[in-house]
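First up is the structure itself, then whatever we jot down about it.
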Amino acid sequence: MPVGINQPSGQIKLTNVSLVRIKKGKKRYEIACYKNKVLEWRSGVEKDLDNVLQIPNVFVNVSKGQVAPKADLAKSFGNKATTDEIILEILNKGELQVGDKERHAQLDRVHHEVIDIVAGKLVDPRTKRVYTTGMIEKALEQLSSQSAQPQAEKLEGAPVENPEEKGKGKELPKWTGVVTTKSAKSQALDAMKALIAHQPIPVARARMRLRVTCPTSILKQAVKSAPKPHSSGDAEDGDNKPLHGTVKDTIVGFVEQVESQDVTGDEWEVVGFVEPGAFKALSEFIGGQTKGRGRAEVLDMAVVHEDD
């Protein structure tokens, strides 16, 4: 008699598997993927499907090895859907099932990525110096605590806000903390909006450094149509009036600080600093007024002063 039981060599142990699950037509389907590869696929880092899937098949229950019947798949996804198309839909739209340790590790990674992005794009408006990641982290924790407080008061039966007063004024952006269901980049943008709106520490977006070139023959022309008002923050600003005058006056009006101006031949060039929120309006204005003959070139996405 055999001393022990041999483990089948073809059996897949579920120690390195991430399940992606979707509910379709009242039925649940799963695919078995390698850990961390699902997020890499969704972010575009991984492009080879073979490196993502452990088994190129659709299951009703991966842990039990129950493959989804073709009739059920056809009913849920359509008769014309191939197995590869169904797998891609589950991979792209399904819910990623992860364990507690992996979920915490993933949340920690996204958290640090968000903090790094924010710290690199916000500065002290007086000194133009960047804050440390620790200071940004504390400021966001303060905003998160403030956002949680009204919700707690609501649950405890605190007076509800008057609906008539709710419509007065624009609600400021809120920050409730990092999640794993959104990209770090989009969450960093939300965090910056909240920090700028609430100012737990003095912050402003680091300015962009641009080079704008334009034919000299166009500079003195009257503006054909005034560009749309813009604001670097979400709060409305009384100074955001439609701009008029010459093309040159309008371009210089977008520039917060002019570093240099020069004319070479028949081309005028200005280098200066612009609020990130003004870049799109400036580019559209130059393109429309010069019919593609002028351009705005980014020299530095975020100009900051760093301590030695």
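The values are calculated or read from the model by the stated rules, or taken from the named source; none is laboratory data. Given the structure is predicted, the values throughout are model-derived calculations rather than measurements. As a convention, Cβ positions derive from the backbone with ideal geometry for all residues, glycine included, and neighbour counts pool all protein chains shown. For the accessible areas, the whole protein counts, side chains as well, though only heavy atoms, and no ligand, DNA or RNA atoms are used. Shrake-Rupley method; radii C 1.70, N 1.55, O 1.52, S 1.80 Å.
Restricted to region 214-227, and to residues that are in a strand (DSSP E or B) and surrounded by fewer than 17 Cβ atoms within 10 Å (Cβ to Cβ), which residue is modelled with the highest pLDDT?
Taking region 214-227 first, the residues in a strand (DSSP E or B) are 214-215, 222.
Then drop every residue that is not surrounded by fewer than 17 Cβ atoms within 10 Å (Cβ to Cβ), which leaves 215, 222.
On the way: PRO215: 93, ALA222: 88.
Among them, the one singled out is PRO215.
Check whether at least one residue in region 61-70 is among the charged types (D, E, K, R), closer than 30 Å to ALA139 by Cβ, over 21 Å from the mean Cα position of the chain (by Cα) and open to solvent by 40 Å² or more (accessible area, probe 1.4 Å), and report yes or no. First the steps, then the outcome.
Initial filter on region 61-70 (among the charged types (D, E, K, R)): 64, 70.
Imposing the further condition that a residue be closer than 30 Å to ALA139 by Cβ reduces the set to none.
Scanning region 61-70, I find no residue that is among the charged types (D, E, K, R), closer than 30 Å to ALA139 by Cβ, over 21 Å from the mean Cα position of the chain (by Cα) and open to solvent by 40 Å² or more (accessible area, probe 1.4 Å), so the answer is no.
Considering region 85-124, the residues that are over 30 Å from LEU73 (Cα atoms), in contact with a helix residue (DSSP H, G or I) (Cβ under 7 Å, 6 or more places away or on another chain) and in contact (Cβ under 8 Å) with a residue 24 or more places away in the chain include one that is surrounded by the fewest Cβ atoms within 10 Å (Cβ to Cβ), namely GLU113. In region 275-298, the qualifying residues are those that are within 20 Å of the chain's Cα centre (by Cα) and open to solvent by 30 Å² or more (accessible area, probe 1.4 Å), and the one that is nearest to ARG207 (Cα to Cα) is GLU275.
Tally the residues that are part of a loop (DSSP other than H, G, I, E, B) and in contact with a helix residue (DSSP H, G or I) (Cβ under 6 Å, 6 or more places away or on another chain), restricting the search to region 57-84. Even if it seems obvious, please write down each step before you answer.
If we filter region 57-84 for residues that are part of a loop (DSSP other than H, G, I, E, B), which is where we start, we get 57-58, 62-65, 68-69, 78-82.
Filter once more, so that each one left must be in contact with a helix residue (DSSP H, G or I) (Cβ under 6 Å, 6 or more places away or on another chain): 58.
Matching residues across region 57-84 total 1.
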